[in-house]
1. Compute the signed sum of charges (Lys and Arg +1, Asp and Glu -1) over the other residues within less than 14 Å, Cβ to Cβ, of Ala126.
2. Using only the alpha carbon atoms of the stretch 2-150, find the Kirkwood hydrodynamic radius as the inverse mean reciprocal pair distance, in angstroms to one decimal.
3. When the chain is modelled as a GNM with alpha-carbon springs shorter than 10 Å, which of Arg37, Arg89, Arg79 fluctuates the most?
4. Can you put Val60, Val154 in order, fewest other beta carbons within 10 Å first?
5. Among Ala70, Tyr103, Pro114, whose Cα sits farthest toward the positive end of the charge dipole of the stretch 2-150 (+1 at Cβ of Lys/Arg, -1 at Cβ of Asp/Glu, about the Cα centre)?
6. Only loop residues by DSSP count here, and only those with at most 16 other Cβ atoms within 10 Å; note down the trypsin sites (Lys or Arg not before Pro) in the stretch 96-196 that meet that.
7. Using only the Cα atoms, what convex hull volume per residue in Å³ does the stretch 66-196 have?
8. If you take the charge dipole of the stretch 2-150 about its Cα centre, with +1 on Lys and Arg Cβ and -1 on Asp and Glu Cβ, which of His34, Gly47, Leu145 is farthest toward its positive end?
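What follows draws every value from the coordinates through simple rules; no lab data is involved. Keep in mind it's a predicted model, so treat the numbers as computed, not measured. A quick note on method: Cβ atoms are made from the backbone with ideal geometry, for glycine too, and the neighbour counts reach across all protein chains shown.
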Amino acid sequence: MVRAYRDSDSASAASLLYQSSGGLFDRYAGNRKHAERALARGLASEGTATSADVVTVAEVDRRVAGVMAAMPFGEWTPRANAFLRVTLRAIPPWRWPQALWLYRASGRTAPEPPRTSFYVDSLATAPDLRRRGVATALLAEAERLALAGGMDSVSLDTWADNHGARALYARAGFHEVAHTPPVAGLPGGLSLLKRL
């Protein structure tokens, strides 16, 4: 079952969003504890890239099995900036220079997706519940939300070395449209798009 995020999902959703970053949140916040606290703050705040209004949850056996943060691409930049402002307060002040540097270094270097696309910023499935259709259901929900919002495509990014995600997205009809080179110790990335 796919449904809207509820406040009671906070701990599970923060943990899954943390896992979706491929280690990026450790570099941002310093460790998993600080990262999950920052993500929980983002979930509880309005207007961020992880606000409750842009998070969708998938359940298996009444358990949070997957999570997706997605929004019209035109909203992404202000939401990402709001996420930075909100989450900096949840990490130790001595981490702020590293967090700001990482935020700038990981900025989009590939071409932006079309402004008429629905952007999946984060997508994660609980490791023990993978290969049960959770991510596929969340991607289908992204398509439904895109069409309901009058958008013509769904876009997302992943790390170039995330072969499992790349295979999933290819099966779901996404095409790799741009490559982001490795930068500042971050792996290269891929931008993907599915026309609706």
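1. Working: positive: Arg62, Arg63, Arg130, Arg131, Arg132; negative: Asp9, Glu59, Asp61, Asp128.
Here the charged neighbours net out to +1.
2. 15.5
3. Arg89
4. On the way: Val60 17, Val154 29.
So the residues, fewest neighbours to most, are Val60, Val154.
5. Tyr103
6. On the way: sites: Arg104, Arg108, Arg115, Arg130, Arg131, Arg132, Arg144, Arg166, Arg171, Lys194, Arg195; in loops: Arg108, Arg115, Arg130, Arg131, Arg132.
Sites meeting the loop and neighbour criteria: Arg108, Arg115, Arg130, Arg131, Arg132.
7. On the way: hull volume 15.5 nm³, N = 131.
Residue-normalised Cα hull volume stands at 118 Å³.
8. Farthest towards the positive end: His34.
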